[in-house]
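Report on one structure; see the data block that follows.
No value in this document is a laboratory result; all are computed from the given coordinates. Computed from a prediction, not measured in an experiment: that's the story for all the values here. Cβ sites come from the backbone with ideal geometry, for glycine too, and all protein chains shown count toward neighbours.
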Amino acid sequence: MTAGHGARRPRASGRPPWALVPPAALTLGFLVLPFVALLQRAPWSSLRELLSAPLVTEALRLSLVSALAATGLSLVGGVPLAWMLARTDFPGRSLVRGLVLLPMVLPPVVGGAALLFAFGRRGLVGGPVYDGTGFLLPFSLWGVIAANTFVALPFLVVTVEAGLRSADRRYEDAAATLGAGRWMIFRQVTLPMVLPSIVAGAVLCWARALGEFGATVTFAGNLQGRTQTMPLAVFLALESDRGAAIALSLVLVAVSLAVLVPLRDRWLAA
Amino acid sequence: MTSHSHTLPALGLCLALGLGTACGDDTADETATAETAIDETTADSGLDGTITVFAAASLTDAFTEAADAFSEENPGVTVELNVGASTALREQILAGAPADVFASANPSNMDQVIEAGEVEGEPELFAHNSLEIAVPAGNPADVEGLADFADDRLLIGLCAADVPCGEYGRQALDQAGVTPAQDTDEPDVRSLLTKIEAGELDAGIVYRTDVASTDGVDGIEIAEEDNVVADYPIAVLANAGEPDIAAAFVEFALSDDGQAILESHGFDPA
């Protein structure tokens, strides 16, 4: 649904003001150079061997599964939250938004410790749950997913809320005058209208979850095949075998680019 | 005067992994500390400046105190401590991190730094340590010894296999004939200790000095024939910005005063 963007405005020439070019080029160089350096240090000759090791394949599987699960959970919980923040006016809304964004500024290690205090075996909620059912989040894949969701969810909420705020509400009003219920309007009008924002938010959320380290290692621990995701494997490999660490990072970079590059246009549409 | 930065979010790794907010904030603190130091006028020793000491995580408390005592003796001197797994510190040094002194929890990491030509002169053994089982205060899971580490029903933590405490711990388990069923391989000994202290793990193998450092855990002796003695070497680094102060700090660690501090934290003297 592109109608929401209204009539196409005349476009300024694609040639940039010359003053923007040097800083833009410099910024790009700053962002790309580290990856070039990474490629330059990569152990190309032993790459295949390094990447087929169980350490890598298991970490990659855990990373993909947990990042995807975290994105799914963030969508299910984050879109309604974003709607509440964008469309309703309740006392303390700014405070709620601040709380939602907190994981973005909190050092992830602190976030992991906070998760432990809440959902650990001796935690606020985790304690009673563990005593009652024996269920334990830390040191399990569920713990990794929880840590990823905690850290990545705000990215989705922020993006979707911004999309909702900039969406043209007249379509919703029109639907309402035509007799559509609130749920129908949300499903049939609002959701399709902000779909690009939702996709962009989900991608950001997924990317953040994929690279998550601090909260994961603090809350879920580190065990190969159970909780050791790619960033954890990279961190430990960096200390014992730098070649392997770089090889692992390249996989992470490749996977991310494979998702981020095709989604570029969608993203910009938001 | 001591400032602190934990290695987990060490700068180089931050860049490699994109750890975000967990990293980098220390720089501001360090600059602040350095500035206050410059204001103080030099006294008798004639030493004036700031040194950075890279110390094994197990030395955290002892070296914090030693650094304070050292800068008290030399009022113009500020000691900045960067503590973490010796392996991580080694990698940082090899990657060109600005460090003046390296104190490792085992000789092999020091040897690799020597091989790379990064050590000035000869390293000296300045302390010894041994292992102990740490359990949460009160030992809620009734852990009795290394044999319990094979119990799948317990939540067991070790240090990662590549860091010294993990290497020593596995050696002890091996000597006891125990195949551990651990739930996490922590990146350094302090993070393992933290999880035991929080009651999230039932037991872990740490250094005797770690048990002595906190009331939050109880120690269980490891039989002498299974235990491992950890040797701690210290050296001035070849690229030290302040080689004279660095040498004085090493000398202090080996002096009666320095050794007394180390002993008060449970280390055996050189």
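Numerical summary
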read-out	value
Computed FRET value (nearest 0.05) for A:ALA254 with A:VAL110, which takes r as the C-beta separation and R₀ as 25 Å	0.25
Net charge of neighbours whose Cβ lies under 14 Å from the Cβ of A:TRP83, counting Lys and Arg as +1 and Asp and Glu as -1	+4
Contact order normalised by residue count of chain A, Cα under 8 Å, 6+ apart, percent	29 percent
Coarse-grained scattering of the stretch A:75-208 at q = 0.09, 0.11, 0.12, 0.19 Å⁻¹, given as base-10 log I(q)/I(0) from a Debye sum over alpha-carbon atoms	-0.35, -0.51, -0.59, -1.06
By average C-beta atoms within 10 angstrom, highest first, the peptides B:145-152, A:69-76, A:215-222	A:215-222, A:69-76, B:145-152
Karplus-derived HN-Hα couplings along the stretch B:233-240 (A = 6.51, B = -1.76, C = 1.60, θ = phi - 60°), whole Hz, x at Gly and Pro	x, 10, 7, 7, 8, 4, 9, 4
Loop-resident sites, the stretch B:153-193, for trypsin sites (Lys or Arg not before Pro), counting at most 14 other Cβ within 10 Å (DSSP)	B:ARG153
A:SER240-B:GLN171 FRET efficiency (beta carbon distance; Förster radius 22 Å; 0.05 resolution)	0.85
Magnitude of the charge dipole, the stretch A:135-270, Cβ model with Lys/Arg +1 and Asp/Glu -1, debye to 20	220 debye
B:GLU221 versus A:TRP18: modelled label distance in nm, points set 7 Å from Cα along the beta carbon direction	8.2 nm
Debye log10 I(q)/I(0) at q = 0.11, 0.12, 0.14, 0.21 Å⁻¹ for the stretch A:154-270, Cα point scatterers	-0.54, -0.61, -0.72, -1.09
Using a Förster distance of 35 Å, the FRET efficiency for A:GLN188-A:ALA118 (Cβ separation, nearest 0.05)	0.40
Relative contact order of the stretch A:100-248, defined on C-alpha pairs under 8 angstrom at six or more residues apart (%)	31 percent
Label-zone membership for the stretch A:191-221, site A:LEU38, 7 angstrom Cα→C-beta point, backbone N under 11 Å	A:211
Shape call, the stretch A:92-170: gyration tensor on alpha carbons, a/c limit 1.5	prolate
Share of alpha-carbon pairs per 10 Å distance bin for the protein assembly as shown, given as whole %	4, 16, 24, 24, 17, 9, 5, 2, 0
Residue order, fewest to most surrounding Cβ atoms within 10 angstrom, among A:ILE198, B:ILE51	A:ILE198, B:ILE51
Along chain A, longest interval not containing exposed trypsin sites (Lys or Arg not before Pro), exposed being DSSP loop plus at most 11 other Cβ atoms within 10 Å	A:12-270
Helix-only mean residue ellipticity at 222 nm for the protein assembly as shown, each DSSP H run of n ≥ 4 adding -39500 (n - 2.57), per residue, nearest 500	-16500 deg cm²/dmol
Separation in nanometres of the label points that stand 7 Å from Cα toward Cβ, at A:ARG170 and B:GLN112	6.6 nm
Descending principal axes extents, the stretch B:111-181, alpha-carbon based, whole Å	48, 23, 18
Cα extents of the stretch A:43-104 along the three principal axes, largest first (Å)	60, 20, 15
DSSP-defined beta bridges in the protein assembly as shown - what % are antiparallel, rounded to 5	50 percent
